[in-house]
Amino acid sequence: MFTEVKGNLHIHTTLSDGTGTHAEVAAAARQAGLAWCIVTDHNAVAFGEQGWRDGVLLLVGQELNDPAHPHCNHLLVLGAGVDLAPYAADTAQALAAARAAGGLCLIAHPDEHSAAYSGEPEIPWQRWDLADQVQGLELWNYMSEFKAHLPNAASALALALWPKLAMRGPFDETLARWDTLLTQGPCVGVAGSDAHAIEYRMGPLRRRVFGYEYLFRAVNTHALIEGPWPSERTDETAAMLGQRLHDALRAGRCFVSYDALRDGTGFRFGLRLASGAELPMGSTVHWPAEGTLYAEAPAGARARLELWRDGCLIVSERGPALTWRVEEAGIYRVVARRWYAGAWRTWLLSNAIRLVG
């Protein structure tokens, strides 16, 4: 039995370059209705902050990057349980140390496009020669996408007042990289807010457009953990659930949801085998395997469901569900879109089901 729990990762506090404490992050997560959050400060950790905070399971990971070259190769490490900052100056060493410690290694904002008026540098991943050493990608980074849509002052002002207009979905090149990596082996896809809660300024105007609570109501990662999410708030349940959550993320039993369009809770993508077994997203199945892929939108939601195979769209349907009889091997994943402000916008992205020889 799997239990769906909604959370947010890639979060910064005053321990690095964020503006809120761990307690303030947890309070914002509770207000936003999250079950968990993972703080990932730059080359810094405060493991003593882990545990139940305001009814939210707060976990601590790291975002590693070379301090001498801060504008490339940022690595999210979850669940390692040790401070990896001593290795941050060398990406290869950081990856090796993180994997040796049992960490889940995810490439942060793999591709970035910083528009002219954003005033922020692009921070892409460049060490693609090490891609076989990571276990996943941050497919959708909220702040990375937002800064790509600020070509001038007028757009910056409009989107500061109505930021949902900017959000369309992950960059095409990031999805293409993911599809390629999935042909080589399992590769989990997650979303991150990259929350700093920074106040933006334009002349005399001051506005905190992206506070923690706002971002925690936007692009999230929903995980399917084994067993129930207990109501007991003890150190023992925190440790147990932290492990189950990391296991779910590592296995790809999770999906990306732009909850600001509509809460994605209840979305499912899986494979029903002819034997009667059901496999969740993130599964790898040896081909040939008779079965039917299915995708189900959250109850009552209106969406366009798309099934993709090997990076190509093969079927699209408007409605609450989609099914597809599997007749060939491939890497299958689902995208759900919703109509908002005159455009179909990415709402949900499943992890993949790999049917491989």
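The values are calculated or read from the model by the stated rules, or taken from the named source; none is laboratory data. Keep in mind it's a predicted model, so treat the numbers as computed, not measured. Cβ sites come from the backbone with ideal geometry, for glycine too, and all protein chains shown count toward neighbours. Note: accessible area is taken over every heavy atom of the protein model, side chains too, but ligands, DNA and RNA are not part of it. Shrake-Rupley method; radii C 1.70, N 1.55, O 1.52, S 1.80 Å.
If you check Arg250, Arg233, Arg244, which single one turns out to be at pLDDT below 95 and within 25 Å of Thr13 (Cβ to Cβ)?
One residue alone meets the criteria, Arg233.
Of the conditions (1) of a type outside the set (Val, Ile, Thr); (2) free of Cβ contacts under 8 Å to residues at least 60 places away in the same chain; (3) assigned to a loop (DSSP other than H, G, I, E, B), Leu261 clears all except one; give me its number.
All conditions pass for Leu261, except number (2).
Looking at segment 276-286, which of the residues that are on the phi < 0 side of the Ramachandran plot and outside any strand (DSSP E or B) is least open to solvent (accessible area, probe 1.4 Å)?
Among them, the one singled out is Met281.
Applying the selection to segment 309-327, what residues are more than 17 Å from Gly264 (Cβ to Cβ) and either in contact (Cβ under 8 Å) with a residue 40 or more places away in the chain or open to solvent by less than 30 Å² (accessible area, probe 1.4 Å) (or both)?
Hits for segment 309-327 are Asp310, Gly311, Val315, Val326.
Let me spell it out: the conditions are (1) assigned to a loop (DSSP other than H, G, I, E, B); (2) farther than 19 Å from His10 by Cβ; (3) among the charged types (D, E, K, R), and Glu122 meets all of them except one. Which number is the exception?
Result: Glu122 passes all but (2).
If you scan segment 115-142, which residues turn out to be open to solvent by 30 Å² or more (accessible area, probe 1.4 Å), farther than 18 Å from Leu181 by Cα and not aliphatic (A, V, I, L, M)?
Across segment 115-142, the qualifying residues are Tyr117, Gly119, Glu120, Pro121, Glu122.
How many residues, within segment 303-327, are touching a Phe, Trp or Tyr at 6+ places or on another chain (Cβ under 8 Å) and of a type outside the set (A, V, I, L, M, F, W, C)?
The number of residues fulfilling the criteria is 3.
What is the one condition in (1) touching a Gly at 6+ places or on another chain (Cβ under 7 Å); (2) without any contact (Cβ under 8 Å) to a residue 24 or more places away in the chain; (3) open to solvent by 70 Å² or more (accessible area, probe 1.4 Å) that Leu273 does not satisfy?
(3)
Working only within segment 134-146, note down all residues that are without any contact (Cβ under 8 Å) to a residue 40 or more places away in the chain and in contact with a helix residue (DSSP H, G or I) (Cβ under 9 Å, 6 or more places away or on another chain).
none
Among the residues of segment 39-73, which ones are of a type in the set (Asp, Glu), surrounded by fewer than 22 Cβ atoms within 10 Å (Cβ to Cβ) and in a strand (DSSP E or B)? Even if it seems obvious, please write down each step before you answer.
Keep residues of segment 39-73 that are of a type in the set (Asp, Glu), which gives 41, 49, 54, 63, 66.
From what is left, the residues that are surrounded by fewer than 22 Cβ atoms within 10 Å (Cβ to Cβ) are 41, 49, 54, 66.
Within segment 39-73, just Asp41 meets the criteria.
Taking Glu306 and the conditions (1) closer than 23 Å to Asp247 by Cβ; (2) open to solvent by less than 40 Å² (accessible area, probe 1.4 Å), which numbered condition does it fall short on, given that it satisfies the others?
So the condition that Glu306 fails would be (1).
Only residues that are open to solvent by 10 Å² or more (accessible area, probe 1.4 Å) and either in contact with a strand residue (DSSP E or B) (Cβ under 6 Å, 6 or more places away or on another chain) or within 16 Å of Cys37 (Cβ to Cβ) (or both): list them for segment 244-264, please. Talk me through it step by step, then tell me what you get.
Residues of segment 244-264 that are open to solvent by 10 Å² or more (accessible area, probe 1.4 Å), as a first pass: 244, 246-247, 250-251, 253, 259-263.
Passing the criteria: Arg244, His246, Arg250, Arg253, Asp259, Leu261.
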